[in-house]
Each structure stands twice: as structure tokens, then as C-alpha cells.
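The values are calculated or read from the model by the stated rules, or taken from the named source; none is laboratory data. Please read all numbers here as calculations on a predicted model, not as lab measurements. Backbone-built Cβ (ideal geometry, glycine too); neighbour counts: all protein chains shown. Just the protein is used for accessible areas: all its heavy atoms, side chains included, with ligands, DNA and RNA removed. Shrake-Rupley method; radii C 1.70, N 1.55, O 1.52, S 1.80 Å.
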Amino acid sequence: MTVSDVLSDFKVQAEAGLSDKDVKERQIRYGLNEVVEKKQRMVLLFLKHFWGLTAIMLELTIIISFLLKKYVDVYLIGGLMLFNAIIGFVQESKAAKTVAALKQSLQVLVRVLRNNKWEQVTGNQLVPGDIIRIRTGDFITADVKIINGIAGADQSALTGESMLLSKKEGDMLFSGSVIKNGECNAVVTATGINTFFGKTIQLVQMAKPRLHMEEVVASVVKILFLIVLVFVGITIVVSLLRGETILSMLPLVLILLVTAVPVAMPAMFTVSMAKGSQQLATKGILVSRLSASEDAATMTTLCIDKTGTITQNKLSVQDIRTTENFTPEDILRYGVLASVAANNDPIDMAFLQKAEENKIDNSGYRQITFIPFSAVIKRTEAIVQKDGTQFKVMKGAYNTIKGLCNLQQPDLDMTVDTWASKGYKTIAVAIQKNNITTFAGILALIDPPLKDSSKMIAGIKELGVTIKMLTGDALQIAKEIATQVGIGNDIVPAGLLRERPDGGDSHTIIIGHNGFAEVLPEDKFTIVKTLQQHKEITGMTGDGVNDAPALKQAEVGIAVKSATDAAKQAASVVLLHEGLESIINLITVGRTIHHRITNWVVSKISKTLFTVLFVCVAYLVTGKFVVGAFDMVLLLFIIDFVTLTLSTDIVSWSKKPETWNIKPLVKQGFILGLLLTVEALVWLYIGKKYFEITDLKQLHSFGFATLFFAGIFNIFVVRTPIRFYKQPIGKNLLFAIIADIILACTIILLGLPGFTTLPIVVTVSSLFYFAVCSFTLNDWAKLKLTH
């Protein structure tokens, strides 16, 4: 169909758009511009908690216990598995809702013509027949037909073909395409499920890549498994020599192996990241992948764009200088004619606003064609018609327009330098008639720094993050702004990186300066890549389609408030507010999450080592297992339930970037685990000698009490690198610990089927003994290890 056929078919005028009444009727008829995702069945999500290494080993334990006719163990272990599955299912459902809310927040905004005026709506509000404005960097959310203009479309997300496709009037742009260059108006032909590819591709893919910390924990788990296997192997050999049967030992052996499996790890990480994402969302920071906050914790260098991050991104005209035969009104008129209001471009808006204030009359002038600004031509151009005569107007960077006009006017050069020293951006205007380009004049625009930029930059530096300012602006402007906000005045042209006349090392040049001016998009990518090659964890802010490669390459790609859809798609973080405060929040929340996860890792290492060593050494010394299979399963779940709440604990964030160095965590975990083992063996000796614990069933209960109280008080030690009482504790964690202690004491004092009670003196003595050991000796040892 031709463009006119489509417009006629949808009963819409290209110059006016649809009315509100039309939109409502079409939304009822066609529905919203979205495809409802096919959700996984809740039953299957619940059942997956009974699959996996830990679950299978516990299920084997149930089968063996059944064969040994230990029916009480079967019911209790099965009941605990069911309880754990319910808790895990609830927590993961909450995390999934958080992710869904983030997806909703990251809706694409579209410029649409309705009721004769341009407005912005979310992409899911489009209906067939809507007239939309498409610009470089836009993400297409519906199938559209181009009415006028041209566009370079990237359809790789749809077809897998990476080649840029040139689209002109009458051509189709499909939902899911990204516009790499050009501008056009288009009419929506299909929405939602009716689009050519049958789906609306989301702006942000909520990826959950394998986390650094998961890789670290996986390596720790291997070490723990080796330790468990060695001690369990020795225990099995000794048991066989003592006349035990393999079948009678299997349940306990399986449970000891289970202790090396991080049962709560997936839930711990998911809950931590989801909680962090929720916390960031309330501060106007949306993460497009849950691991973004983890990456922010380790960031060492932040490359920041000037516009919209340091400055207000609101340009206003400060001064106008003309050449001979031109007036300030001419400069404003030609500048407006080389602009498009629908684009909402900051420079265009500054010209339009000033022209409106000065009541510039452009009646009689008609814009025939328009070529938008690009990093290649560094100007906008338009063919304009007046009284039957056509001419070209252009506006852009001073040096670009000056070069086109072969202008030699030192006084203008001096004016531009003076303006630059004040932080002004210079835009030049020219007119071309009969193939002769004439320089009309220059106009000074100011984009002042945000009020809190200096304070925020100082704050980021205090967090140990190095800042590099990257801007496409002229050197003098870049220096002035960088000096004003405290980045430093050592700003150099990006050409220094490209040329390297002395063959110098790029990394040396990058780290040797505070920032770079006259930066091209490829320079940003090069700077990020170079820093990464030298082991820097790099953050990058950006807003344009050309920033997308650098945003995607950086560990922490940050799309600022004014960013194009393409930039948001490439970034891992999207800011909803201007300025740097959001970045400080991102870093501190990221480090908080990192601290919570490392606390959990130390707790897991120390608890696993302690449990296996205590059970195996006690057996080798006494000839009896100090706990049964059911006791171990009960411990596994009630202590893991508490350590899960470490994901919501109050922790202090570090004043310097975090690292993925696992050695200190392993060292701390091993030493605390050994200390706990020695303390438990001493308590076992006291129990046998003074409390006369000789009966096997009572010994199992005593072993349970020993492992529980040692493990629960160890949480107070591992949750902070300072003295345990100096760091406030999260309410959820404190309540979980208290509830756990009450539950354990109730079980020990009142008993369960298959669980023998202990006297209150033994129970209270066990509680106080391990509390004193943890709060004195273990806390002191931790301080020595962490300082």
C-alpha cells in the first residue's frame, strides 16, 4: 500500500494525527501495543525446588531412611523440604514481581502527533493510525510506514542481520528495530501481536548473567566438598573397621555432603539483588539486569559525559554576534528554520524559545527538507522555500560552519575563545544561496552545571572512584566546566589518543589526565576498553545512539535521563533524575549488597567446615555419631533460614571499591570454623564428664544443641568487620535469630518424635557457653583477621 492509501485506510491526516476519541476507540478495538508474556505455570515453579543436587541428596536420604524403617525421619525430613520449598517459592515470587515492576518502569517513550500537537506517550499506548516522529537512537515499538524523511535501521534483533538498512518514504520499519541515523515521520500500521514479527521486543532485556560472586562461591564449594569428602572418607573407613554397615551410615554421610552444598545461595543472591533493585528504584535508578548493582560495587573508574550529568542539559541563549549584512533576528530565524520542534532537541529548543521571546515572524518560510545533526557532519541542514525561491540554512559547530564558508575573521575566533572561557557553547549559523555559503553569525548557549555537581563529584572521589570527563564539546568549554565542578583543569583533546605522536601508551595518556574534550563516540569505546585491559572496573555514562557500544562494553553502563532508547537498551542502569547523586546511590547500594553477600560466604564456609570437622572428629574420638540424619537436616534448614535474612541486614558500605579477592574470605571462614570446632569439642567433653551425657539419643540432642548455638551466634561475628555490638543489626535478621533460638530451645526442651529432650540446665548452659565464646574469643579473632 502507498502512504496515502495507509493514511486513508486508517482515516488519519498526517498533519493533525488522531483525536483522543479515535485513540480510545482503537485501543478498545486493537488492545494495548504489547504482547502478554506466557508465564511459567506456578506449579512447575514450585516443583523445581524439589530438583537439583541438594534436593536429590535429601530425597535419597528419605528413601534410605524409609528402607531402614526410620519413618519419623522420613516424615520430618520430607516436611522440612516442603517448608523450605514454600519459603523459597515465596521469596523468588517476590523477586520476580520486582523484576516485572522494573520492566514496567522502563517503558519506551514515543513522540506522537495527536489533536494537532506533538506529545510523548509510552510505547504501549500506540494504536494503528498514530503519526509518530522517529529520530536517531529511537527504539521502534510498532510496525510503521514512513511518511517522509529517511532512516538507517538496525533490524539485527529481529533478523540476525547486522547490516544497516536504509529506509525512505513508503518503506516499512518493524517493531524491534533501532534507528541508527536519520529522522522521519511515520504512521503506525500494526501493534502488539499483529506486528510483522508477532511480538513487541522489550527495550530492556532483564538478563541475569552469572555473577562474579557466584563463580567465587562455586570455587569455594569445590574446596568444601574436598574437605567433606576427605573427612567423611576417613570416618567411613573407621566405621567399617568398627563393624558398622554402609547402609546404616549412608543417611548421615549424605547429610554431611549436603552441608557443603550452598542450599540458600540462589535465593540469597536473588533476594539481595532484588532488594537492592527496589531500593535503587525508589531513588530514581532503574537497573536493566539484577547484577548491575554488584558491578557498581567494584567500579574503580567512572567516565562521565558532561551534558545532563554534570550540567542541566537546558540550553539558553546568552549572546549573539553577527557578520556584516546580518542582524540578530536573521541568526535566530535561520537557526529556527534549521530546527524541528518535534525532535525536542536541546539546541533546537533554545533557538525556538529565544525566537518566540523575540517574536520572530517566520510566516512565508517553508521547510522543504531537513537533515538532522550527526557526529559525522556536526550540523543540521534544511532546504527552505520563500516566495518561490529555495535556499539552504545550516547551524552547527563553529569550526565546521567556518570551514564550509572559508571564513577568516580573527575577531570572531577571539569571541568564541572568550565565550568558551565562560563555559558557553558556540553555535554558528550560515545560509547558502546559488551554491555560495555565507557565514551569518554566532550564538552563545549556556548549559550551566547542576547546583550539586561539585558536591557530588567530591562524594564520588571520596568513595575511591577515579573520574574522567568525556565530552564532545570544545576544549575551552570542557576545561571551564571541569574546573568549576572540581574534576580538575587537566583536560586535553581526544585527538591526543588517536594520534599519539610519540607512540605513547593509551593507558598512560588516559590515567594522566582528568578528561578529554572533542571526543568522538569511538573514543569513548577505546577509553573504556583500554581501562578494562588494565584491570579497571569501568563505569560509563552516555545518552546517544553512538554511545551504545561504550555503554555495552563498560561493566557499569549508565544511561542518563535524556538518553535515547538505543542507549538505554545498551546500558545496565537507567537514571530517571539528572545529576550525579543517583550514581553515588548506585555505588553505595552496590557496596552494601556486596557486603551482605560476602558476609553470607564467610558464614557458609565457617559453618560447613565446623559441622563436618566436629561430627567426624567427635566420631573418631568417641566411636559414636554425635548427631543423627534428622538432626542435621533440621539444623540445615533452620540455620539457612536465618542466614537468608543476611540479605536484608544493615551493613556499612566500604569507602573504597570492593574486589572479588576470595582469599581473605576463605581465610576468615576457615579460622572461625576451626575455632568453633575446638570450642564444640571442649563443650562435648564437658557434656560427657559433667552433664553425664552418655545415652546415644541424648548425645544426638546434645550434638544438635552444640551445632545450633555455635552456628547461630557465629552470625553475629561474621556480619560485620568491626566489634559485633558497634554495628546496628537489621530487624529482620534479629527477629529471625530470636525466633530461631526460641524454636530450637522449644525442640530441645520439649522434644519431637524421634528427638530426645535435654535438661534445662544443659540447654541454657550450651546457649551461654557459645554466646560467650562467639562474643569474646571469636569476635577478637575476626578483628585480627580483618584489620
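Accessible surface calculations at 1.4 Å, restricted to protein heavy atoms, place region 666-756 at 44 Å² per residue.
Sorting the segments 516-525, 355-364 by their mean number of nearby beta carbons within 10 angstrom, highest to lowest, gives 516-525, 355-364. Taken along the Cα-to-beta-carbon direction at a fixed 7 Å, the label points for MET1 and ASN194 span 0.9 nm. Determine the gain in length on full extension of the stretch LYS359-LYS697; use 0.36 nm per residue of separation and subtract their C-alpha separation, reporting nm with one decimal. Contour length minus the Cα-Cα distance gives 112.2 nm. In a reduced charge model with +1 at each Lys and Arg Cβ and -1 at each Asp and Glu Cβ, the chain shows a dipole moment near 1920 debye about its Cα centre.
Protection proxy ranking, highest mean first, for peptides 688-696, 346-354, 164-172: 346-354, 164-172, 688-696, where packing is the per-residue count of other beta-carbon atoms within 10 Å, averaged. For region 629-688, the average shadow cast by the Cα convex hull is 6.5 nm², which is a quarter of the hull's surface. Annotation: lysines with alpha-carbon distance below 21 angstrom to LYS168 (same-chain offsets under eight excluded): LYS145, LYS180.
The residues of region 520-567 have, on average, 35 Å² of accessible surface per residue, using a 1.4 Å probe with all protein chains present. Only helices at least 18 Å long along their own axis, judged from Cα atoms, and with Kyte-Doolittle mean hydropathy of 1.0 or greater: name those in the chain from DSSP H. Result, helices passing both filters: 53-67, 212-241, 246-259, 629-644, 696-718, 731-750, 760-773.
Here each label is just a point 7 Å from Cα along the line to Cβ, and for SER8 and ARG366 those points are 2.2 nm apart. Spin-label pair VAL764-THR622: with each label point 7 Å from Cα along the Cα-Cβ axis, the two points sit 2.3 nm from one another. Other residues within the sphere of radius under 9 Å centred on the Cβ of ALA428, judged by their own Cβ, net out at +3 (K and R +1, D and E -1). Projecting the Cα atoms of GLN27, ASN148, PRO521 onto the charge dipole of the chain, computed from C-beta unit charges around the Cα centre, puts GLN27 farthest toward the positive end. Length available on full extension from LYS168 to VAL72: 0.36 nm per residue minus the Cα-Cα distance, which gives 27.0 nm. Cross-link candidates for LYS222: which aspartates and glutamates have Cα within less than 13 Å, leaving aside residues fewer than 8 places away along the same chain? Result set, ordered by chain and number: GLU214. Peptides 317-326, 235-244 ranked from most to least packed by the mean count of surrounding Cβ atoms within 10 Å: 317-326, 235-244. Simple rule: put +1 on each Lys or Arg Cβ and -1 on each Asp or Glu Cβ in the chain, find the dipole, and look at LEU82, LEU496, VAL764; the Cα lying farthest toward the positive end is VAL764.
Shape analysis of region 265-335 yields a ratio of the Cα radius of gyration to the Kirkwood radius, Rg/Rh, of 1.37. Average 1/r across all pairs of distinct alpha carbons in region 408-497, invert it, and you get the Kirkwood radius: 15.2 Å. Per atom type, the chain shows carbon and sulfur on 58% of its accessible surface, probed at 1.4 Å.
Ratio of Rg to Rh for region 642-722: 1.11 [Cα atoms; Kirkwood radius as inverse mean 1/r over pairs]. Placing R0 at 22 angstrom, the Cβ-Cβ distance between GLN390 and ASN325 gives a FRET efficiency of 0.65 after rounding to 0.05. If R0 equals 60 Å, the separation of the Cβ atoms of THR282 and LEU241 corresponds to a calculated FRET efficiency of about 0.45.
Once the Cα-Cα distance is subtracted from the 0.36 nm per residue extended length, the ILE738 to TRP51 segment shows a gain of 244.2 nm. A straight line joining the Cα centroids of region 733-754 and region 372-430 runs 77 Å. Between the residues VAL602, CYS303, VAL336, the greatest Cα displacement towards the positive end of the dipole of the chain, with unit charges on the Cβ of Lys, Arg, Asp and Glu, is found for VAL602.
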